[in-house]
Amino acid sequence: MDSRYLGIAELVEAPSVAVVVDVMRAFTVAAWAFAQGAEAIVLAESLDEALAHKARHPDWVALKDGPPAPGFDTVNSPGLLRSVDLGGRTVVQKTTAGTVGALAVKEASLVLCAGFVVAEATARLLRTRGCASVTFVVTGEDGQADEDLACAQYIARRVAGAGTDADEFLRRAAASRATAELAEGVRQGAHPDDVALCLELDRFPFAMVAAWEDPLMVLRPCPVPPPTDEAST
């Protein structure tokens, strides 16, 4: 598989297949939302748009980066979200990097959103679809976030089906600037367990597919076939 690793600003044209990676914390949060029963996640372009969705659909759950804010139900923290019952509900998510990256590739034929918690499922889906060329969108720090790049590179290795030691990739993520900022309390709207939850490998058995459901970009969980003996080595 031919893999490219680009920041959001480097996306000059829509790729055929895109994997948008945000480990700390957008797509770890998204995976937890689905695990907590969410039916769909609407990716909002702005805070105002997220609030407008919430106003039209009071039963939707709106979340954002940073500290709590009027109109939003919760914040972009897996540690906080894991205790919320989202059974059958729609979530509206707006974050600084992850949702921006997904919207930047909305014209792609296949858009996956990923973090370490769904890495293997994401790789299996790419393998199942026979994707020959994949653009990994490294969303954090203008494409320089090492936790996102490490996760993207790990997924690419797993697509090849090769035996891959995840430890080196997780170590890179654990040493990243985003991890330090979360651990030191620099980023608001966080839970003490957020770092550990973001670095939990393959917690969930589904991939996450984003698709344009006019007029919304909607993220949904996608079950994937179990690995074969050859692919799981």
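Yes or no, residue by residue, for (1) farther than 25 Å from Leu81 by Cα; (2) out of contact with any Ser or Thr (no Cβ under 8 Å at 6 or more places or on another chain); (3) modelled with pLDDT of 95 or more:
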residue	(1), (2), (3)
Asp167	yes, yes, yes
Leu170	no, yes, yes
Arg187	no, yes, no
Asp193	no, yes, yes
Ala196	no, yes, yes
Leu201	no, yes, yes
Arg220	no, yes, yes
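Within the stretch 35-56, track down each residue that is surrounded by fewer than 21 Cβ atoms within 10 Å (Cβ to Cβ) and farther than 18 Å from Val100 by Cα.
Hits for the stretch 35-56 are Ala35, Gln36, Gly37, Glu39, Lys54, Ala55, Arg56.
Applying the selection to the stretch 126-168, what residues are closer than 22 Å to Arg25 by Cβ and among the aliphatic types (A, V, I, L, M)?
Val137, Val138, Ala145, Leu149, Ala150, Ala152, Ile155, Ala156, Ala166
What strands (runs of 3 or more DSSP E) completely inside the stretch 130-233 contain at least 2 residues that are among the polar types (S, T, N, Q)?
It comes to 133-138.
Restricting to the stretch 60-100, name every residue that is among the small types (Gly, Ala, Ser) and either in a strand (DSSP E or B) or in contact with an Asp or Glu (Cβ under 7 Å, 6 or more places away or on another chain) (or both). Spell out the reasoning first.
First, the residues of the stretch 60-100 that are among the small types (Gly, Ala, Ser): 62, 66, 69, 71, 77, 79, 83, 87-88, 97-98.
Residues satisfying the conditions are Ala62, Ser77, Gly79, Gly88, Ala97, Gly98.
Do we find that Ala14 is among the aliphatic types (A, V, I, L, M), over 15 Å from the mean Cα position of the chain (by Cα) and within 18 Å of Ala97 (Cβ to Cβ) in this structure?
Taking the combined requirement at face value, the residue does not satisfy it.
If a residue must be small (Gly, Ala, Ser), under 15 Å from the mean Cα position of the chain (by Cα) and farther than 19 Å from Asp194 by Cα, how many such residues does the stretch 58-108 contain?
Going through the stretch 58-108 one residue at a time, the tally reaches 3.
From the list Ser46, Ser3, which one is polar (S, T, N, Q) and without any contact (Cβ under 8 Å) to a residue 60 or more places away in the chain? Give the steps one after another, and end with the answer.
Values: Ser3 fails: without any contact (Cβ under 8 Å) to a residue 60 or more places away in the chain.
The conditions single out Ser46.
To keep it simple, each residue is scored yes or no on (1) buried (at least 24 other Cβ atoms within 10 Å of the Cβ); (2) of a type in the set (Gly, Ala, Ser); (3) under 18 Å from Tyr5 (Cα atoms).
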| position | (1), (2), (3) |
| --- | --- |
| Val84 | no, no, no |
| Gly87 | no, yes, no |
| Leu103 | no, no, yes |
| Ser109 | no, yes, yes |
| Gly115 | yes, yes, yes |
| Thr122 | yes, no, yes |
| Thr128 | no, no, no |
| Ala132 | no, yes, yes |
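Are any of the residues in the stretch 18-27 over 20 Å from Val134 (Cβ atoms), under 11 Å from the mean Cα position of the chain (by Cα), surrounded by 21 or more Cβ atoms within 10 Å (Cβ to Cβ) and in contact (Cβ under 8 Å) with a residue 40 or more places away in the chain?
Yes, some residue in the stretch 18-27 is over 20 Å from Val134 (Cβ atoms), under 11 Å from the mean Cα position of the chain (by Cα), surrounded by 21 or more Cβ atoms within 10 Å (Cβ to Cβ) and in contact (Cβ under 8 Å) with a residue 40 or more places away in the chain.
The values are calculated or read from the model by the stated rules, or taken from the named source; none is laboratory data. Keep in mind that this is a model prediction, so the values were computed, not measured. Here Cβ is always computed from backbone atoms with ideal geometry, including for glycine, and neighbour counts include all displayed protein chains.
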